[in-house]
Amino acid sequence: MKLKEKLDAKVIELDEALKAEEIDSTKIKALNDEIEELERSIKEAEKAAAKLAMIGKKEEDMSVKKATNIGEHFVNFVKESNHAKRFDLSAPAFTKAATDTQTSPVAAVDWATTFDRNVVTAARTPLVIRDLFGSETISGSTLQYLVEGAIQGAPAVTAEGAEKPQVHFADPTVKTVTLKKIACHIKESEEYIDDYPFLASAINGRLLYELGLVEQNTLVTDLLGTSGIQTGTYAAAATATDIADAILQAAMDVQQQSGFAADAIVINPADWYLLRVAKASGTGEYFGGGFFGAQNIPNLWGIPVCVTTAVSANTIVIGAFKTCGSVVQKGGVSVAAVNTNEDDFVKNLMTIRAEERLALAVRRPAGFKKLTKASS
């Protein structure tokens, strides 16, 4: 008989003893003592069970590594669910065709040999553009902001009693930007995702990279398509020093028109190469230092240079990025997965999707200038 059953029986026995015509005090005392002892035993058993449960919980928690990035966080959800439910998490790719499902490799491999699962990736463009801008968050899906109108008139030194000039700011212009959703997904077989570390690297190293690449290209396109940014050209036959002079002039134009100093120059590697190998005609020395004196942080005229293929060759962007533009985002990057999509369940597949919502707000268009090479 279990302890609680024994306790119930003793309570009933005590109740009957108390209702008897002749009260047996000795029996009643003995029953009370037994009931108290059973209650103490039950409490001790419950404490022991609770400790065992906590030990089991700790062992279970230790089996799931604490996540340090969104890929590991996603993998933890996969482990805990054992592929049996819909996964959905929010934070903060593979080189096959977009419609392909990633499955375990079927190549003729000697499986007795240690197999290196690290994938040699294709060429990657560094994701650097977003970091140049400021950052904002919004709760809605659309942002409206005001761009100050041009000043009309100017203060002047006037004689006593003379008419004072009027200064007037034109009405501000209302600008509207709407969040854009950037998303992509991959399909994996459950056999493939059972290799959890590889799954985490697929999310962190490929899926999120592809998302970031589209984000970067979108930001550049939106910036260069903004009405009001300054534009200029340099000659088709311009030398490296001519291009450097044009960049300095653009930086001065940015500061004069916006009031903010340029904090970055965005340039294609091909154009940066022309500037870095430029030499003085008399001595043959490199303007930017020789092979062993290369700059640790690329800069031109003291302004940091961002070398990236995000801008095409013969296009250079100079701007006060941090103060004149900002990336507006709602939430962070989210990764979600489902194994009941389409026919995923019957095929033991999982669809993994990454997405984010953001927009570029160019609050001071005059704080940017785009230089392009003139047609020959």
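Since every read-out is calculated from the coordinates, none of them should be taken as a lab result. In this text the structure is predicted, and so the values were computed from the model without any measurement. All Cβ positions, even for glycine, are placed from backbone atoms using ideal geometry, and neighbour counts span all protein chains on display.
Charged neighbours of Val327, selected by a Cβ distance under 13 Å, balance to +1 (K, R count +1; D, E count -1). Here each label is just a point 7 Å from Cα along the line to Cβ, and for Glu148 and Lys43 those points are 7.4 nm apart.
Close amide H pairs (under 5 Å, H built 1.01 Å from N) link Thr315 with Asn268, residues at least 5 positions away or on another chain. Spin-label pair Ala238-Glu342: with each label point 7 Å from Cα along the Cα-Cβ axis, the two points sit 4.8 nm from one another. Which entries of Lys19/Lys43; Lys279/Lys369; Lys164/Lys369; Lys180/Lys322; Lys330/Lys370 have Cα-Cα distances beyond 24 Å here? Distance filter (> 24 Å) returns Lys19/Lys43; Lys279/Lys369; Lys164/Lys369; Lys330/Lys370.
Need one word for the stretch 202-247: rounded, prolate or oblate. Basis is the Cα gyration tensor (sqrt eigenvalues a ≥ b ≥ c); a/c below 1.5 gives rounded, then a/b vs b/c decides. Because a/c hits 1.5 or more and a/b fails to exceed b/c, the stretch 202-247 counts as oblate. Positive end of the dipole of the stretch 216-333 (Cβ unit charges, origin at the Cα centre): among Thr226, Gly325, Ala278, the Cα lying farthest that way belongs to Gly325.
Here the label points at Tyr273 and Thr221, each 7 Å from Cα along the C-beta direction, are separated by 2.7 nm in the simple model.
Pop the C-beta distance of Val214 and Phe287 into the FRET formula with R0 = 35 Å and round what comes out to the nearest 0.05. It comes out at approximately 0.45.
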